[in-house]
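The values are calculated or read from the model by the stated rules, or taken from the named source; none is laboratory data. What you are looking at is a predicted structure, and each value in this text was computed from that prediction instead of being measured. Backbone-built Cβ (ideal geometry, glycine too); neighbour counts: all protein chains shown.
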Ligand SMILES: [Zn+2]
């Protein structure tokens, strides 16, 4: 069966599917607990609906039957970039996808040192030996994101109110520092993920992390 390919224009697609999404209230990222500063994430991503429509007409009902209720959830800029057009099956799957950008990169043994230094800087900060300049170091941000995301995935905490004090303090200081200059949040994501540019993500536009490939082949297997 031939699929009608239609060039993806994010702004047009967002407008097209705008009415399908229901906004969820909140001022903290539902994935990591950071203040979301008014930003949100589409569940499922607009790009996923665009692919689902295959260039034709699609009803709200067909979308709901296939994806369940579509939500616009509070989400920080950094988690939003970590997800890209990744949909996954639930919030924990999405948290894992984000965390994968920040965990130790086994291809580079020295990457472990970045996290060790990050831990040390956080300890120094909590003991008052250093100031908010520690947040400039991407290893610090990675420690904060990894602990929040994996703690929620593993059920160690049910929400940010249960985060240990060190995590609450460093999250709020990091949020403050990220607001200090324009475009600092997106730059920080790239630094934490060891990426030179968001445009360089493998298949980020056409098939993020192979999720459509996987869907297609499992559909074939099922036949
Ligand atoms: Zn977040």
- Query: For segment 105-126, what are the residues that are surrounded by 15 or more Cβ atoms within 10 Å (Cβ to Cβ) and assigned to a loop (DSSP other than H, G, I, E, B)?
  - Reply: 105
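A quick yes/no check of all residues on (1) over 22 Å from residue 87 (Cα atoms); (2) modelled with pLDDT of 95 or more:
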residue: 157; (1), (2): yes, yes
residue: 165; (1), (2): yes, yes
residue: 181; (1), (2): yes, yes
residue: 190; (1), (2): no, no
residue: 196; (1), (2): yes, no
residue: 211; (1), (2): no, no
residue: 218; (1), (2): no, no
residue: 222; (1), (2): no, no
- Here are some conditions: (1) over 16 Å from residue 193 (Cα atoms); (2) at pLDDT below 95; (3) surrounded by fewer than 20 Cβ atoms within 10 Å (Cβ to Cβ). Residue 132 meets all but one. Which one does it not meet? (2)
- Note on the structure: For segment 47-82 the number of residues that are within 16 Å of the ligand (Cβ to nearest atom) and surrounded by fewer than 19 Cβ atoms within 10 Å (Cβ to Cβ) is 2
- Does residue 88 satisfy the criteria of being over 26 Å from residue 180 (Cα atoms) and either surrounded by 12 or more Cβ atoms within 10 Å (Cβ to Cβ) or more than 16 Å from the ligand (Cβ to nearest atom) (or both)? yes
- Any hit, segment 121-136, residues being within 16 Å of the ligand (Cβ to nearest atom) and on the phi < 0 side of the Ramachandran plot: yes
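Might you let me know whether segment 70-82 holds any residue that is more than 30 Å from residue 179 (Cβ to Cβ) and out of contact with any strand residue (DSSP E or B) (no Cβ under 8 Å at 6 or more places or on another chain)? Give the derivation first.
So the first thing to find is which residues in segment 70-82 are more than 30 Å from residue 179 (Cβ to Cβ), and the list is none.
Within segment 70-82 (the criterion being more than 30 Å from residue 179 (Cβ to Cβ) and out of contact with any strand residue (DSSP E or B) (no Cβ under 8 Å at 6 or more places or on another chain)), the answer is no, since none of the residues qualifies.
With respect to residue 44, determine if the residue is touching a strand residue (DSSP E or B) at 6+ places or on another chain (Cβ under 7 Å) and more than 16 Å from the ligand (Cβ to nearest atom).
When the stated conditions are applied, residue 44 passes them.
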- Within segment 89-119, residues touching a residue at least 60 places away in the same chain (Cβ under 8 Å) and closer than 21 Å to residue 47 by Cα come out as 91, 92, 94, 95, 97, 98, 101
